[in-house]
């Protein structure tokens, strides 16, 4: 099984591609709307489809989940950001080829007392970004617990992206990038190291998710045309 390194692009996971259209797509937070205009479909550069992608962020408290979202949505970093209570919600629309992808982002609280609320947010998600702090080995252990929970209770074909945040602090690193890559490969996940503070690989993280989900949708269309269930 391959992992999907942002810098190497996005490939196909080996556990199959689901079919995400209509009601089923809405239920898992992945919905494409074709634009019914001849001009849109025949003119290069114009948007042919819009997609809404539900994404949740999971991970220990203090790893920088909210900072990643704020950097992606607002291009802002707050040194004194307050811990998330329950969950927060933001959106951002980005182009992906001839499509527009609107991310519906649920940033969940990392404190243990809010753990029981997490299924409300990852249920029906198209993708989950599981964040750890590269300077805290314990946060990487917690990440593995989240992956286990998603595999047991999350959507069947949820896309998982692993983000090793605070890569600007690599001089006090506790989690080697090699370990993260090997683990991501074992579960077929996207993996990238990020810095919300210095705006490193934040856009690339979400672009990787966009590209992968677009690939899923295109493959699904082929399955449907051939009458084959993905």
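Measuring spread by the Cα atoms of the range 108-191 yields a radius of gyration and Dmax of 12.9, 38 Å. What does the C-alpha gyration tensor say about the overall shape of the range 173-213? Classify as rounded when a/c is under 1.5, otherwise prolate if a/b is larger than b/c, or oblate. Because a/c hits 1.5 or more and a/b fails to exceed b/c, the range 173-213 counts as oblate.
Taking the beta-carbon count within 10 Å as an exposure proxy, list 76, 101 from fewest neighbours to most.
76, 101
Neighbour counts of other Cβ atoms within 10 Å put 152, 182, 99, 203 in the fewest-to-most order 152, 182, 203, 99.
Exposure proxy shown here: for 122, 132, the number of other Cβ atoms within 10 Å sets the order, fewest to most, as 122, 132. How far is the Cα center of the range 71-85 from the Cα center of the range 92-167, in Å? When both Cα centres are located, 17 Å separates them. When each of the peptides 156-164, 52-60, 184-192 is scored by the mean number of other C-beta atoms lying within 10 Å of its residues, the order from highest to lowest reads 52-60, 156-164, 184-192.
A straight chain from residue 144 to residue 102 at 0.36 nm per residue would run longer than the Cα-Cα distance by 12.3 nm.
Just so you know, all these numbers are worked out from the coordinates, no wet-lab data involved. Just so it is clear, the model here is predicted, and its values are computed rather than measured. Methodologically, a virtual Cβ is constructed for each residue, glycine included, from the backbone with ideal geometry; neighbour enumeration extends over all protein chains shown.
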